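The values are calculated or read from the model by the stated rules, or taken from the named source; none is laboratory data. Small disclaimer: the values here were computed from a predicted structure and weren't measured. Cβ coordinates were reconstructed from backbone atoms using ideal geometry, including for glycine residues, and neighbour counts include every protein chain displayed. Ligands, DNA and RNA are stripped out before the accessible areas are found, and what is left, the full protein with its side chains, is counted by its heavy atoms. Shrake-Rupley method; radii C 1.70, N 1.55, O 1.52, S 1.80 Å.
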Amino acid sequence: MTRTVACTHRPSRDSNRTRVLRDEDCQNPKPSPVQACNRFDCPPMWDTGDWRQCSQSCSGGYQSRQVLCKQRLADGSILELPDTFCPSKSPANQQPCAKQECPPQWVTIGWSQCSVTCGKGIQRLQAVCRKQGEDGGHSIVEPENCSLMARPTRIRPCSLRLCENSVKPYPTILAQRKVYIQWRKGKKLHLVVGGYAYLFPWTTILELPDTFCPSKSPANQQPCAKQECPPQWVTTGWSQCSVTCGKGIQRLQAVCRKQGEDGGHSIVEPENCSLMARPTRIRPCSLRLCENSVKPYPTILAQRKVYIQWRKGKKLHLVVGGYAYLFPWTTVVLRCPTRHFRKSHIRWLKEGKPLFSLSHLSITSLGYLKIQQVRASDAGIYTCVAGQAKEHFVLQIIGSKQKLSVPEPWLLTGGQQKVGLPGVASTGERPQELPIPLNQYDNIVEHLLELKSSLQDEEDIADKTHSSEKNRSTLRVEKTNSELSSLLVLTTDTHRLDEITHNLSEGLGGPRGEQLIAQLLSELTMTQGETNESTLHPPESAESSTQGPLLYKPNIQAHASRPRNPVIIQRPRKVGVVPSPEMIVHVGLPVLLQKPIASLELRCEALGSPEPSLTWTKNGEVLQYNSRVGLLPTGSLRIQSPSKVDEGLYTCTARNSLGSTSLTSLLHMTGGKGRNCVQGNSMGASGPVCSERINGSQSAELCHGQACPLRWRVDPWSPCSSSCGGGSQTRSVRCMKGPEGRSREVESHHCLGMGRRPSDTRLCNLHPCARWTTTHWGLCHGQCVGPSLATQHRHVYCQDTNATKVPSRMCSGLQRPSSLKNCSTEACALHWRVGPWTQCTATCGRHGFQSRQVTCAHRRTGKATREHHCMWRPRPPSWQRCNILSCGRGECQDSTRYCEKVRQLELCPLPQFKSRCCHSCRNT
């Protein structure tokens, strides 16, 4: 505290008048004008910082400030304390701001559809008038609300595929309707046809304004496509998160939009788009933890995967949530990754009943289920239980003939409540559905394993062919089989197998099913080279319960096939046996015909990326096609009524830009002299089809009855007129009379008695023309994935040529673009920077603590920024307890360095100070 000290003079004692003199005039020492006071520590108090910038400029936002509990000590220093040391409630650290309403504004939502469905057209930039509400969400309002702002108007050219029925375009002259009038003489002029020119001899011309011409200018534009476009749904982005903290959902917003005659777009009532399905999609969103949130419920990070063991291995690491088809005597570690739950408390059930450790089965301290050398009795449904959360896993053994059946009523909750299942009686309780379907993918897996067996058996079957043939045809097969044999486990998503099931109404047995199974195998073998390495040698970090799956690390381009050499698939059949009159043999096998047959198909199925083309040769030369020998639309070879002249080596070659591969079949006729007949139906004839052999060199002749009178002859189908969207094929159907080789064509009515006339037209490629379409990449956001990386998303959907969204299964045969990729973000370059700890406030006891400074800073520049930018990582503590060791029983010691102040301020009588300053207060 301070006071005023001055040298004064008073004439007499009784006088009230004083006069101020200089300090030198006073003889006595000058008293001090300053004196210390209140020299004890101040009590802890709240210290508030300045309000930060508002999070939004309008329509409501929040601003925050720093609130700390601090104490000013007697020596002038300031100490930061935990909040519990301050006596009153903490001041608010957040308040609303920017309450004024944001004006509506134009927001672009992408380019319109091309103005034409084929050829060249234009696209217009589309925009909607959007307004932000007080809750931070956005809504679409009438365009008039944005009238003060210029609406974005841009167009760009677009070019689609050539129109299907378009002929070669006629030549076009780019004329200009100009009028040129000579103004002065010149040497050379460059004019464009289509107008008028009035010239002097040997002079130039001048282009004049339109007003110089006497009549009205001809029209240079006219309207077209006057029919009104139907309204359609247009997505405008994702809604705000349904919650302000914690976990919620976002919905995809859409508006019904209609194009006017002027080319502009307007928002109309949703009822106008009722004929089209409104886009309905939701996705989870997660914001900061709620301040007063309770402890979150446990969750299990399940994976909807199907694991198919491809070759034998020592140990597999799998994750709950799907299915596994494994070889017997394989060791399995089944993981149950959880959040907000201690792994040591995880419980396991099998078919609803508690699972205890057996001689070959154990549960580790981390909650893993380990099965040593699985056997048929281990097949069943396993359930991981973490608190109220449950996830199931179906284990099946390859080679076991026993199908999994619905178990008896089993305890799903660990208590005494019994849950009834379909087909099982349950007393007093309503039946519930089975938590995970059984045997759902058995048929697909069985076909995959059969295809695997056919690929592995190709080498053995090829050994039976000629040695020179094997050298040419099996080298690439051996290479392909070695690649397949290096795979340990095939892993796919359950929804991928569901798509295959939904696309096959006739089942997997038909040609379409075989094609989808072959395509699935190609996808899985092309994208899982790295997957199987992690299966054999899982990383050490995988012990964490929050890590991702060990076995399958999703490839961002899982559906985009990598470039790959062609591979010809072979399915073995018995050799040398004559089957039905229409014989189908996969190329690579020898064909030994003992009796005449109506037709022979050499089937050639190839995989590769890009899709390979197929060509055929006979005895090393290009195969010549005729009315009997022709190609099928699939690329396979058909020989009608094969005879001695057809004998030889037939080679199918699959070729793409990366290489080629070949397989060869030997066709040999082993029948002797005489006459043989088989029951034929391929030619439309009723009754036996006979073969008469005149001598060993002449070909067999197809006959009906005794005199080979009449028969239908069909040529191979022509190529399909369209690759998608529905095309047609044609072929020639003729009525022939006389033996083969000397037959002649007669009127069709002569063959009406030979059975129904074969069809000469058929539909083909009926699947719609569709392609994958993507939106623009979204913002780079989210927690960092690795060093300096985050993620960005885009939507991938299937649409037809009219730009109409169609189900994804329409594009299942095409490469699907990725919808997620890593990206760099400035937020990932920030980190928490910590300072040194201060000196501990106590030397022993329970009351000592120390603090340090924690700031959010940029790694490269070191510049500090606001703390919320670093909140994607846990914040290091800014204080901690220290010197918590006991001060010793019976010893009188000071446990804080402020005890001298306590004694000076006479605070020793207070119990809380006397216990901490025992030594300093012992004589008071």
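Considered as a group, the residues in region 26-42 that are in contact with a strand residue (DSSP E or B) (Cβ under 7 Å, 6 or more places away or on another chain) and surrounded by 11 or more Cβ atoms within 10 Å (Cβ to Cβ) include one that is modelled with the lowest pLDDT, and that residue is Asp41.
Listed conditions (1) without any contact (Cβ under 8 Å) to a residue 24 or more places away in the chain; (2) not aliphatic (A, V, I, L, M); (3) not in a helix (DSSP H, G or I) are all met by Gln126, apart from (1).
So that you can scan it fast, the table gives a plain yes or no per residue for (1) in contact with a Pro (Cβ under 6 Å, 6 or more places away or on another chain); (2) of a type in the set (Ser, Thr, Tyr); (3) closer than 30 Å to Arg156 by Cα:
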| residue | (1), (2), (3) |
| --- | --- |
| Ile267 | no, no, yes |
| Pro279 | no, no, yes |
| Pro296 | no, no, no |
| Ile300 | no, no, no |
| Trp310 | no, no, no |
| Pro328 | no, no, no |
| Ser344 | no, yes, no |
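Check whether at least one residue in region 296-314 is exposed (fewer than 14 other Cβ atoms within 10 Å of the Cβ) and free of Cβ contacts under 8 Å to residues at least 24 places away in the same chain, and report yes or no. For region 296-314, residues exposed (fewer than 14 other Cβ atoms within 10 Å of the Cβ) and free of Cβ contacts under 8 Å to residues at least 24 places away in the same chain: present. With respect to the conditions (1) at pLDDT below 90; (2) open to solvent by less than 20 Å² (accessible area, probe 1.4 Å); (3) over 32 Å from the mean Cα position of the chain (by Cα), Ser377 falls short on a single one, namely (2).
Results for (1) at pLDDT below 80; (2) open to solvent by 90 Å² or more (accessible area, probe 1.4 Å); (3) within 30 Å of Pro284 (Cα to Cα); (4) in a strand (DSSP E or B), shown as yes or no for each residue.
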residue	(1), (2), (3), (4)
Cys735	no, no, no, yes
Thr773	no, no, yes, yes
Leu779	yes, yes, yes, no
Cys784	yes, no, yes, no
Gln792	no, no, yes, yes
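Of all residues in region 619-636, those that are closer than 19 Å to Glu514 by Cβ have Cβ atoms under 7 Å from Cβ atoms of residues that are modelled with pLDDT under 85, 6 or more apart or on another chain, in Pro633/Cys764.
Would you check which residues across region 145-178 are over 30 Å from Trp111 (Cα atoms) and at pLDDT 75 or above and list them? Matches in region 145-178: Lys178 only. Out of Cys54, Cys114, one residue alone is part of a loop (DSSP other than H, G, I, E, B), open to solvent by less than 80 Å² (accessible area, probe 1.4 Å), at pLDDT 85 or above and under 30 Å from Arg257 (Cβ atoms). It is Cys114. Among the residues of region 808-827, those that are modelled with pLDDT of 75 or more, open to solvent by less than 60 Å² (accessible area, probe 1.4 Å) and more than 30 Å from Thr865 (Cα to Cα) comprise Ser808, Cys811, Pro817, Ser818, Ser819.
For region 623-641, a residue qualifies if it is open to solvent by less than 30 Å² (accessible area, probe 1.4 Å) and polar (S, T, N, Q), and the qualifying residues are Ser636, Gln640, Ser641.
Does Thr48 qualify as being surrounded by fewer than 11 Cβ atoms within 10 Å (Cβ to Cβ) and of a type in the set (Ser, Thr, Tyr)? Walk me through how you get there before you give the answer.
Values: surrounded by fewer than 11 Cβ atoms within 10 Å (Cβ to Cβ): no; of a type in the set (Ser, Thr, Tyr): yes.
Spelling it out, it is not the case that Thr48 is surrounded by fewer than 11 Cβ atoms within 10 Å (Cβ to Cβ) and of a type in the set (Ser, Thr, Tyr).
So that you can scan it fast, the table gives a plain yes or no per residue for (1) in contact (Cβ under 8 Å) with a residue 40 or more places away in the chain; (2) touching a helix residue (DSSP H, G or I) at 6+ places or on another chain (Cβ under 9 Å):
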| residue | (1), (2) |
| --- | --- |
| Val67 | no, yes |
| Leu79 | yes, no |
| Phe85 | yes, no |
| Val107 | yes, no |
| Ser112 | yes, no |
| Gly119 | yes, no |
| Ile140 | yes, no |
| Pro157 | no, no |
| Arg161 | yes, no |
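In this structure, is Val107 within 30 Å of Ser55 (Cβ to Cβ), at pLDDT 80 or above and either in contact with a Gly (Cβ under 9 Å, 6 or more places away or on another chain) or among the aromatic types (Phe, Trp, Tyr) (or both)? Yes, satisfied.
Restricting region 380-421 to residues that are among the small types (Gly, Ala, Ser) and open to solvent by 10 Å² or more (accessible area, probe 1.4 Å), which is modelled with the lowest pLDDT?
Residues of region 380-421 that are among the small types (Gly, Ala, Ser), as a first pass: 380, 386-387, 389, 399-400, 405, 414-415, 420.
Cutting the leftovers down to open to solvent by 10 Å² or more (accessible area, probe 1.4 Å) gives us 387, 389, 399-400, 405, 414-415.
Values: Gly387: 88, Ala389: 90, Gly399: 84, Ser400: 81, Ser405: 75, Gly414: 38, Gly415: 35.
Once the filter is applied, the top-ranked residue is Gly415.
Sub-6 Å Cβ pairs linking a first residue in region 832-843 that is within 30 Å of His869 (Cβ to Cβ) to a second residue that is outside any loop (DSSP other than H, G, I, E, B) and among the charged types (D, E, K, R), at least 6 apart or interchain, number zero.
Of the listed requirements (1) more than 30 Å from Leu289 (Cα to Cα); (2) of a type outside the set (Ser, Thr, Tyr); (3) in a strand (DSSP E or B), Cys384 misses just one: (1).
How about region 66-104: which of its residues are part of a strand (DSSP E or B) and surrounded by 15 or more Cβ atoms within 10 Å (Cβ to Cβ)? Can you show your working first?
Residues of region 66-104 part of a strand (DSSP E or B): 67-72, 78-81, 94-97.
Selection gives Val67, Leu68, Cys69, Lys70, Gln71, Arg72, Leu79, Glu80, Leu81, Cys97.
If the condition is being open to solvent by 20 Å² or more (accessible area, probe 1.4 Å) and over 37 Å from the mean Cα position of the chain (by Cα), then region 652-666 contributes only Leu666. For first residues located in region 713-740 and within 16 Å of Asn626 (Cα to Cα), partners that are basic (Lys, Arg) and open to solvent by 50 Å² or more (accessible area, probe 1.4 Å) and lie 6+ apart or on another chain with Cβ distances below 6 Å form the pairs Arg713/Arg734; Val714/Arg731; Asp715/Arg731; Trp717/Arg731. Within region 905-924, residues that are touching a residue at least 24 places away in the same chain (Cβ under 8 Å) reach partners that are polar (S, T, N, Q) and part of a loop (DSSP other than H, G, I, E, B) with beta carbons closer than 9 Å, at six or more positions or on different chains, in the pairs Arg916/Ser895; Arg916/Thr896; Cys918/Gln893; Cys918/Ser895; His919/Gln893.
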